[in-house]
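S.K.: Below you'll find the structure I mean.
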């Protein structure tokens with residue numbers, strides 16, 4: 001078949017069509033076809049778009065929409081037979097059988113009558129499934145074109161469907177399946193989203209919360225928002241600084257297994273966490289990871305450090321990388337691939353990030369960093385795109401398939417994470433690593449769902465520390 005034929009569309013005029021002529025089209029029904037039909041038509045019938053409902057309904061399994069099969073007739077009549085210039089007059093269809101995802105349908109239209117006085121044609125329409133069973137039957141009437149038309153096909157935009165943020169959020173929470181709730185101190189939950197986040201995590205069975213802050217203020221906020229404080233413990237302290245100090249003390253004494261930042265500044269909480277005398281330090285440098293679910297990337301993406309270490313030196317980066325690798329392994333990424341980001345892919349003495357990347361790779365080779373595969377320096381495009389890496393001739397086990405991105409400094413990391421969240425519709429979860437307990441650390445602008453997603457990671461970490469993670 002010539003390329004010209006593939007790229008053009010041509011009709012059959014009224015005079016060219018004879019009674020008995022026919023044309024067919026075969027397609028297999030995919031889940032995205034159902035979703036696209038629902039989006040375009042607004043038909044949200046759960047029989048078609050909700051797999052659980054469809055399984056429990058009279059159909060007993062996920063079903064498609066008969067109208068999807070009917071659209072095949074429109075495809076044939078409008079693009080092939082008669083093709084361009086055809087005007088639909090009417091259609092009368094009967095849906096004989098259920099159409100299920102995975103069914104392969106063959107639609108056939110056959111000319112049965114021609115009306116010379118107005119160039120109308122009546123077609124018999126039949127659609128069968130892969131077993132030859134009749135699925136749709138009926139007729140269609142059109143005004144056939146009288147002039148020959150042959151032209152280039154119009155290039156249609158590519159449409160990609162991705163799961164909604166809510167669906168991806170639910171998927172993230174699945175990492176806690178079978179894990180008991182943990183005791184968590186929520187530090188100064190004195191605005192709507194921080195309090196909602198704590199209570200949503202409680203309702204999802206993730207935490208048993210202790211709300212640390214001014215109790216009267218928190219109760220008044222809950223009453224204003226119509227939220228139940230059932231099951232919450234309180235540690236009544238007068239202000240945010242006292243809440244940070246008291247929350248850290250609860251963790252240090254082993255009374256809670258994790259912390260969640262509420263409506264106070266990050267510095268206010270973290271200054272208590274890193275205090276050498278009364279904080280939660282370990283022999284590992286404290287760092288932060290954003291775990292991003294990006295619709296256009298095929299795996300979770302961990303970005304570090306975008307919130308705690310401002311301009312980390314080489315020894316600090318060693319701990320940042322090791323913290324992220326340890327977290328990835330807790331999240332069942334067996335051998336995480338770490339891309340050490342810089343502006344270029346080659347070592348340049350004038351660019352410190354490239355020198356650190358080279359040193360980190362050698363340290364990993366010698367076992368000073370364990371559990372992951374490191375490569376760098378890598379520019380961002382080469383870290384996440386196989387095509388970009390190949391174009392630049394980069395041969396690497398990491399390039400194009402990174403699980404972890406080590407950023408040069410807090411500014412680049414923070415901008416990268418927020419660009420993905422606000423421009424790429426990424427779901428972001430934030431967690432502090434390297435302390436005695438995991439710390440849920442999100443922006444004060446983040447939603448309750450983001451805080452709950454972050455809490456799910458803390459739950460997994462706490463259970464791994466107990467030795468009870470799955």
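The values are calculated or read from the model by the stated rules, or taken from the named source; none is laboratory data. It should be emphasised that the depicted structure is a prediction, and the values quoted were computed from it without experimental measurement. Note that we place each Cβ from the backbone using ideal geometry, even for glycine, and neighbour counts take in every protein chain shown.
Each row is one residue, and each column tells you yes or no for (1) surrounded by 10 or more Cβ atoms within 10 Å (Cβ to Cβ); (2) farther than 20 Å from residue 76 by Cβ; (3) modelled with pLDDT of 90 or more.
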{"site": "127", "(1), (2), (3)": "yes, no, yes"}
{"site": "131", "(1), (2), (3)": "no, yes, no"}
{"site": "138", "(1), (2), (3)": "yes, no, yes"}
{"site": "146", "(1), (2), (3)": "yes, no, yes"}
{"site": "154", "(1), (2), (3)": "no, no, no"}
{"site": "160", "(1), (2), (3)": "no, yes, no"}
{"site": "165", "(1), (2), (3)": "yes, yes, no"}
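S.K.: Here's a follow-up. Would you point out which residue out of 396, 385 is in contact with a strand residue (DSSP E or B) (Cβ under 9 Å, 6 or more places away or on another chain) and farther than 29 Å from residue 460 by Cα?
M.R.: Working: 385 fails: in contact with a strand residue (DSSP E or B) (Cβ under 9 Å, 6 or more places away or on another chain).
Selected residue: 396, the only one of 396, 385 that is in contact with a strand residue (DSSP E or B) (Cβ under 9 Å, 6 or more places away or on another chain) and farther than 29 Å from residue 460 by Cα.
S.K.: A further question on this structure: With the checklist (1) in contact with a strand residue (DSSP E or B) (Cβ under 8 Å, 6 or more places away or on another chain); (2) in contact (Cβ under 8 Å) with a residue 60 or more places away in the chain in hand, flag the one item residue 443 doesn't pass.
M.R.: So the condition that residue 443 fails would be (2).
S.K.: So how many residues does segment 436-465 have that are assigned to a helix (DSSP H, G or I) and under 16 Å from residue 331 (Cβ atoms)?
M.R.: Start the filter on segment 436-465 by keeping residues that are assigned to a helix (DSSP H, G or I), which leaves 448-465.
The next check asks that each one be under 16 Å from residue 331 (Cβ atoms); those that pass are 453-465.
Selection size over segment 436-465: 13.
S.K.: Continuing with the same structure: Out of the residues in segment 413-435 that are surrounded by fewer than 19 Cβ atoms within 10 Å (Cβ to Cβ) and part of a loop (DSSP other than H, G, I, E, B), which is nearest to the chain's Cα centre (by Cα)?
M.R.: 425
S.K.: Kindly establish whether residue 286 is within 28 Å of the chain's Cα centre (by Cα) and within 22 Å of residue 457 (Cβ to Cβ).
M.R.: On the way: within 28 Å of the chain's Cα centre (by Cα): yes; within 22 Å of residue 457 (Cβ to Cβ): yes.
Yes: the conditions hold for residue 286.
S.K.: Next question. Across segment 109-123, which residue is surrounded by the fewest Cβ atoms within 10 Å (Cβ to Cβ) among those that are part of a loop (DSSP other than H, G, I, E, B) and free of Cβ contacts under 8 Å to residues at least 24 places away in the same chain? Let's see the steps before the verdict.
M.R.: The first filter runs over segment 109-123 and keeps only residues part of a loop (DSSP other than H, G, I, E, B), leaving 116-119.
With the extra rule that they be free of Cβ contacts under 8 Å to residues at least 24 places away in the same chain, the set shrinks to 116-117.
Values: 116: 8, 117: 5.
Top of the filtered list is 117.
S.K.: Residue 296 fails exactly one of the following numbered conditions: (1) farther than 28 Å from residue 201 by Cα; (2) surrounded by fewer than 17 Cβ atoms within 10 Å (Cβ to Cβ); (3) in contact (Cβ under 8 Å) with a residue 60 or more places away in the chain. What is the number of that condition?
M.R.: Single failed check for residue 296: (1).
S.K.: Could you tell me which numbered condition residue 314 fails, if it satisfies all but one of (1) surrounded by fewer than 16 Cβ atoms within 10 Å (Cβ to Cβ); (2) under 25 Å from residue 469 (Cβ atoms); (3) in contact with a helix residue (DSSP H, G or I) (Cβ under 6 Å, 6 or more places away or on another chain)?
M.R.: (2)
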